[in-house]
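The structure under discussion appears below in the form of structure tokens.
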């Protein structure tokens, strides 16, 4: 443009101000008043100006007027790049030129050449957020484009693009014209540096950065951008590159200075507030609102399964609810998953779902156990010393043993002292727990020691209540009198118990039964308790049972469950125990099934199992006999195989065919999961055939020389031999009708025995007779005598009709194999070969695997009933088809 007067004239005529927003006009006018803009030259039909910007940066403007009334077009080397405040200042300066002049009045100035000035690389980073229609799913999709713009700064003047060998920049400063030679080779070396970092020339236009403000480069992926910002960008800064980050650049990250944890405990000590956060830009920022937002908007991102797949060094990018002090921009940080995993384990992704979006998380006192997972992190802790100490005690376990209380007439073994310490720690935290030791390890003794310790410390200002099966009342009375005679014991049992309700507070220990609890609940709930203990707590595995509902109504400072079988059949039983102990700890039943039971039982999900184990571990103490009671003699388990006789085989096949058809029709109609009752009914009939024909056909005439049961014949042969050797035998059966048939044969042979079934009212006498050596054989129904009996005089256990619940069998075996046993114990299982009994033994292993997975933290455990299991259970006998 050589006709400068025409340019100036048109500039006065055009509404060029319309091309700028008010803020840009206002700032440009300020620059013009301050005299920052200077005319340089006319080049290629464009006016060239220079402007002194902020921070002592000098930017160059190239201005031309649009045709046919189009607005003014001004490019600038500043980060904005187009129609910026510097262009406004240049236009206002141009308007001062006389319209009639051939060229602006400017004195001739001397020109100075600079040929060796090296360029400073300037890298601008920006992001464009956009939405576009995706025809594949017929929805608008959000997207991001990131660009890096490379420009070169020569003495405050910024240029870009490839330069010819003789390219130069002109600038007027202090009355002197500078002619600065560009350095094409140096500029190309800087481009190569970017390419070596993975950048390539951007082939598509993008509004992530102003066009014509720099050479545009891009990286191939989000991970590449993240790696560049984390690892390579600091190196460029150290090498003298100037980095300019535009607002909205999604990888504009603020370094994390440190992590902190604040604990604020309520005066009543029944809850506390936990805040976990980071220190960035000198500010303390809580992570809770950010993580809540992520969990609710993108739950899969922080799900246990996804977290397990993430490496500890992988990073999560988070935008914080805080602004950077230097420029007011929202801060973004990178957090390593190695840090996030224990934080989320503490907060609990499942627990967070229903939390209000505040800076801290309100937790109940038992939640102090969660703090263990944070101890390995470098955190700046404030407050909560008492809670952290409780968490350490729960974690330390046996390393912080309590002393047995004075007045306890027993020497506690180390594992029993550990149990006492555990119960004492839970009491301090006012939390409940499950003592799930194997039968025979002294759960009653440990509980009595706990209650006596509470009395000695002056805390037993309310009575303790123990609920148990009716058969255990004498056992608790005897052991309390023997081991803790200081405790004032009242058994609420029998028709005369009602007169005792008025003096409950006069006793230290109250005893009642699951049968009586619902009947007496209106009296018992009026008495505040110090400790509430459920012995054989599997009796409340059905949360809707009257006993379970009544137990939850009682008012107690601490609740404990004693059971050798916390889990017998499915995880719902374990939920019921914790619903009594600490309501809400495992969520409601629907949440528990969704988050734990279905993933673990149906899919064998190890992540859900690990999550559940972590949730239970502080409040479930389980020791197996072989691990802690090393002084016990050996236990040998022997399978005694039995072949069915012809009559049994014929009836077995008849029943099997009928029940197989009935089961498959039911599964076809309802599905496998909802056909359990029919399946159990079918298995029961097949098992009864294996035991004795008379259990199925009550009026079956016995043919001459024929037997009703090969198994009964085999048992009688075993008993003849075992009793002749002086062995002392416990014989268990699930069927009292089978015990009656066995009893007939024993009487016929004049063999002495004692017996306990559900109908036995006096249990002490048969136990005493057997323990004293008066009789060598004890018949016991599995349900009536599988718990609560101490029969260490026995050295042999026979299971006549094994069932697939290994826990129930082990409990029965433990009547003999327990503390105090000084002889090797032999355990026989009578199994009819090729029948459902043999198949059930295989399923026992799977049943045991489910219990091991949850109770012992075995994350590889799996138990799922499959259609092929049904095929195996109802398969024909060998030789039949």
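Could you check, for segment 197-206, whether at least one of its residues is modelled with pLDDT of 90 or more, assigned to a helix (DSSP H, G or I) and either touching a strand residue (DSSP E or B) at 6+ places or on another chain (Cβ under 7 Å) or farther than 16 Å from residue 125 by Cα (or both)? No, segment 197-206 contains no residue that is modelled with pLDDT of 90 or more, assigned to a helix (DSSP H, G or I) and either touching a strand residue (DSSP E or B) at 6+ places or on another chain (Cβ under 7 Å) or farther than 16 Å from residue 125 by Cα (or both). Scanning for something at pLDDT 75 or above, over 13 Å from the mean Cα position of the chain (by Cα) and part of a loop (DSSP other than H, G, I, E, B), does segment 613-622 turn up at least one residue? So far as segment 613-622 goes, yes, one or more of its residues are at pLDDT 75 or above, over 13 Å from the mean Cα position of the chain (by Cα) and part of a loop (DSSP other than H, G, I, E, B). Determine whether segment 299-319 contains at least one residue that is assigned to a strand (DSSP E or B), loosely packed, with under 14 Cβ neighbours inside 10 Å and in contact with a strand residue (DSSP E or B) (Cβ under 8 Å, 6 or more places away or on another chain). Within segment 299-319, one or more residues are assigned to a strand (DSSP E or B), loosely packed, with under 14 Cβ neighbours inside 10 Å and in contact with a strand residue (DSSP E or B) (Cβ under 8 Å, 6 or more places away or on another chain). Scanning segment 477-488 for residues that are modelled with pLDDT of 90 or more and crowded, with 17+ Cβ neighbours inside 10 Å, we see that the one that is nearest to residue 461 (Cα to Cα) is 487. Looking across segment 229-265 at every residue that is assigned to a strand (DSSP E or B) and more than 39 Å from the chain's Cα centre (by Cα), the one that is farthest from residue 319 (Cα to Cα) is identified as 242.
Residue 166 passes every criterion in (1) surrounded by 20 or more Cβ atoms within 10 Å (Cβ to Cβ); (2) more than 30 Å from residue 131 (Cα to Cα); (3) modelled with pLDDT under 90 apart from (1). Condition check: modelled with pLDDT under 65 and either within 25 Å of residue 739 (Cβ to Cβ) or assigned to a loop (DSSP other than H, G, I, E, B) (or both). Does residue 864 satisfy that? Yes: the conditions hold for residue 864. Among the residues making up segment 725-738, those that are in a helix (DSSP H, G or I) and surrounded by fewer than 21 Cβ atoms within 10 Å (Cβ to Cβ) are 736, 737.
Within segment 16-35, residues that are surrounded by 12 or more Cβ atoms within 10 Å (Cβ to Cβ) have Cβ atoms under 7 Å from residues that are in a loop (DSSP other than H, G, I, E, B) in these pairs: 16/71; 19/71; 19/83; 20/83; 24/84, counting only partners at least 6 apart in sequence or on another chain.
Taking segment 576-593 as the search range and keeping residues that are at pLDDT below 85 and assigned to a helix (DSSP H, G or I), which one is surrounded by the fewest Cβ atoms within 10 Å (Cβ to Cβ)? Top of the filtered list is 590.
Helices (runs of 4 or more DSSP H) fully within segment 1-114 that include at least 1 residues being within 30 Å of residue 127 (Cα to Cα) and at pLDDT 85 or above: 22-33, 85-94. When you scan segment 594-603, do you find a residue that is crowded, with 16+ Cβ neighbours inside 10 Å and free of Cβ contacts under 8 Å to residues at least 12 places away in the same chain, even just one? The answer is yes; a qualifying residue exists. One residue stands out in segment 760-772 among those that are free of Cβ contacts under 8 Å to residues at least 24 places away in the same chain and part of a loop (DSSP other than H, G, I, E, B): the one that is nearest to residue 723 (Cα to Cα), namely 772. Based on what the data block shows, is residue 546 surrounded by fewer than 17 Cβ atoms within 10 Å (Cβ to Cβ) and touching a helix residue (DSSP H, G or I) at 6+ places or on another chain (Cβ under 6 Å)? Here the answer is yes, as residue 546 does meet what is asked.
The values are calculated or read from the model by the stated rules, or taken from the named source; none is laboratory data. Computed from a prediction, not measured in an experiment: that's the story for all the values here. All Cβ positions, glycine included, derive from the backbone under ideal geometry; neighbour counts span all protein chains shown.
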